[in-house]
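To start, the structure under review is shown below, and the notes come after it.
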Amino acid sequence: MGILEVKGVGKRFGGLQALGDVNLSVQQNTVHAIIGPNGAGKSTLLNCFVGKLIPDTGSVMFDGQSVLGRSPHEINQMGISRVFQTPEIFSDLNVMENMMIPCFAKRDGAFRLHAFEGVENEKELVEKAEQMLIDVNMIDKRFMHAASMSRGDKRRLEMAMCLVQEPKLLLLDEPTAGMARADTNNTIDLLKEIKEKRDITMAIIEHDMHVVFSLAERITVLAQGTPLVEDTPENIKGHPKVREAYLGEAH
Amino acid sequence: MLGLNKKDTRFLLIVVALTMATPILLQPFPEGSGLAQFNAGYPDLMQRFAIFGIFAIGFNILFGLTGYLSFGHAAFLGIGSYSVVWMYKLLDYNVIYGLPLAIVMSGIFALLIGYISLRRSGIYFSILTLAFAQMSFNLAYSVLTPITNGETGLQVYTNDPQVLLGATEPRSPHFFGIVMNNSSKVNVGDWVFTFNNGYYFCAVIAILAFYLSLRIFRSPFGLMLRAIKSNQQRLNYTGLNARPYTLAAFVISGMYAGLAGGLMASMDPLAGAERMQWTASGEVVLMTILGGVGTMMGPVLGAGVIKYMENIFSKINDQVLHGWFGWMPDGLEDFVIGISHFFVGKSWHLTSGLLFMIVVIFLPGGLVEGGQRIRAMFAKKRGDDDDDPKHQPKQAPHVAE
Ligand SMILES: Nc1ncnc2c1ncn2[C@@H]1O[C@H](COP(=O)(O)OP(=O)(O)OP(=O)(O)O)[C@@H](O)[C@H]1O
Ligand SMILES: [Mg+2]
């Protein structure tokens, strides 16, 4: 039984069957990559995990509980954090403030009226946020306005915001898209490091095969809304069906 | 000190000093001089500065931090006023009963209105609040006449119960015997300064209100509110429920408005439905934007400027203008007065409108941004850096490696 169990999930947008009949099981403490050509339905699938979309059919169980019908903040509080395809950060705030918000969410839950404490007096959380920024190599940018950062930095910040919550499941939608090679390698190292230090499960969508094969322990190939194969990286590499899907040849 | 860091403590102390010295600071011109027109140190106006300052500070907690633009906050102003006058009628003229009630009542109404209005955001939220405020206005004006005394407005009559009224007690609003209307005048040379009890009562409460809002701005709660304005989607996916945060902000700002309304009735024991009209709701929006949305000082500044113009510019009539421009040749004088005519007296709205447009177009951060720019200019001239991290120019984007 995996930490995330997806059974028979389907989603239709008007005339387009974005997801057919997706079955997927993400095992605890593994890095599970979902790959597939553009428009295969990868982001749509992720949206069904975090409460952004409700699938038309099927079930999504996380940690033995259904996530369907729950709102995004409830799902996050269950232990799922998500990095978006285009970085979603608080661009009006500075880096440190961006980091403090997930820290509070983790400690205080979905709502707490702490109107008088003073953010800077929360020493423990400040330390935690700073440590995370050190880990992602952004500590020197902690007072920088988030909107004024490069795309790569925004992505790293978003990842740090997710990681600082110590989620049980981290969902990453193309975490290295738009990054320079060096940044991509840093990200790979960071994720590997996180993986070693903590018990964390990751589901990662990625086009960059270098990233996929550096990190993934299981790979699911999605094409036109249905999983083609699921296997280890070694077996996926030479799989004829995968090459077919990627080269866009007709079945 | 007081749970604030050094910089904020200094900021608060400056605000306290300015507020306390207002009766002196607003009276820069000697009595009888041509410029005495522009003195604003009289009780009625200073009270209004403090009261509208409170209104705007509270409004800014909602609008400035979360970005939810309410067009109905005047409703709470009215609720506050009615609460206070009712306590005069039932108990006595001590404002100690009415003001807490004003805060509680407006809080309850804000909870109700906020709960419904916050189901929508953006323009729909604004429209909902506007609709609620207009409904409250109409109720107060006609349907609820037994409670609000309709068109006439609520006031104290001699046959009201006033069960706590002692024989020697003041017959006008007071705070444990400190009568709001009373002032002491001090003459210093040609200058006359008026120190009014009512003003100082409002000023002390305004400082408390300011302090509270400063704490809220610096708190995790305040951070969440700013996060809501910045990216509500990210907030939700970070495990936070935006709804109760915005509702809490709505209720707090409604309570500030109720307090302000209560203070209006504490200065002048009257409450009328017109206080709830949409124009009054619009005014606080203008104040906040004019001063600087989301800044601590902006709303107070905006409230001050608008109330100043409303009271001072509107008093400048043709006679005064003739006094100023009398030295000009006749033809030119008539011409200048003809032009000025559009901007002062009854037409003061034109001046405030122009000022508002200029600020919105050239200083989107309001008057506070204007002040910051001037400061930055001077700092640059002196060639030293501004040590204030808030006002530090944004660091250049990091060059992508
Ligand atoms: N909200 C929506 N409404 C309508 N169609 C949608 C919506 N979201 C996605 N789609 C469509 O569903 C299909 C799958 O989209 P999705 O974003 O899941 O693909 P993807 O695998 O993430 O692709 P990419 O690699 O480009 O990110 C696409 O054809 C897309 O146009
Ligand atoms: Mg996608």
Some residue of segment B:7-19 being β-branched (V, I, T), farther than 27 Å from B:P364 by Cβ and within 14 Å of another protein chain (Cβ to nearest Cβ): yes
Tally of residues being within 10 Å of ligand 1 (Cβ to nearest atom) and aliphatic (A, V, I, L, M) across segment A:23-38: 2
Every pair of residues 6+ apart whose Cβ atoms lie under 6 Å, when the first sits in segment A:35-46 and is over 14 Å from A:A177 (Cβ atoms) while the second is within 6 Å of ligand 1 (Cβ to nearest atom) and not in a helix (DSSP H, G or I): A:G41/A:A18; A:T44/A:A18
Residue pairs meeting the criteria (Cβ under 6 Å; at least 6 apart or on separate chains; first within 12 Å of chain B (Cβ to nearest Cβ) and more than 17 Å from A:V126 (Cα to Cα), in segment A:151-176; second small (G, A, S) and within 16 Å of ligand 1 (Cβ to nearest atom)): A:R151/A:G178; A:L171/A:A203; A:D173/A:S43
Residue match in segment B:294-304 (condition: in a helix (DSSP H, G or I), on the phi < 0 side of the Ramachandran plot and among the polar types (S, T, N, Q)): no
Failed criterion for A:M61 (all others in (1) of a type in the set (A, V, I, L, M); (2) part of a loop (DSSP other than H, G, I, E, B); (3) more than 11 Å from chain B (Cβ to nearest Cβ); (4) more than 16 Å from ligand 2 (Cβ to nearest atom) hold): (2)
Residues of segment B:137-172 satisfying the condition of being free of Cβ contacts under 8 Å to residues at least 24 places away in the same chain and not in a helix (DSSP H, G or I): B:L144, B:N149, B:T158, B:N159, B:A167, B:T168
Residue in segment A:89-96 that is facing another protein chain (nearest Cβ under 10 Å), on the phi < 0 side of the Ramachandran plot and within 12 Å of ligand 1 (Cβ to nearest atom) present: no
Residue in segment B:205-218 that is within 7 Å of chain A (Cβ to nearest Cβ) and closer than 18 Å to A:E88 by Cβ present: no
Test: residue in segment A:82-90 that is away from ligand 2 (no atom under 16 Å from the Cβ), over 27 Å from A:S25 (Cβ atoms) and either at pLDDT 95 or above or in a strand (DSSP E or B) (or both): yes
Test: residue in segment A:33-53 that is out of contact with any strand residue (DSSP E or B) (no Cβ under 8 Å at 6 or more places or on another chain), of a type in the set (A, V, I, L, M) and surrounded by fewer than 22 Cβ atoms within 10 Å (Cβ to Cβ): no
From A:G20, A:G2, A:G41, residue being touching a Leu at 6+ places or on another chain (Cβ under 9 Å), within 14 Å of ligand 1 (Cβ to nearest atom) and under 17 Å from A:P227 (Cβ atoms): A:G41
So B:T288, is it among the β-branched types (V, I, T) and in contact with a Pro (Cβ under 6 Å, 6 or more places away or on another chain): yes
A:R70 being away from chain B (no Cβ under 11 Å) and closer than 15 Å to B:L240 by Cβ: yes
Residues (hydrophobic (A, V, I, L, M, F, W, C), within 7 Å of chain A (Cβ to nearest Cβ) and part of a helix (DSSP H, G or I)) located in segment B:236-263: B:A248
Residue satisfying condition, being more than 16 Å from ligand 2 (Cβ to nearest atom) and within 13 Å of chain B (Cβ to nearest Cβ), within set A:D108, A:D189, A:D135, A:D199: A:D108
Options A:A182, A:A146, A:A115; residue that is away from ligand 1 (no atom under 16 Å from the Cβ), in contact with an Asp or Glu (Cβ under 7 Å, 6 or more places away or on another chain) and within 11 Å of chain B (Cβ to nearest Cβ): A:A182
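The values are calculated or read from the model by the stated rules, or taken from the named source; none is laboratory data. Quick caveat, the model's predicted, so the values are computed rather than measured. A quick note on method: Cβ atoms are made from the backbone with ideal geometry, for glycine too, and the neighbour counts reach across all protein chains shown.
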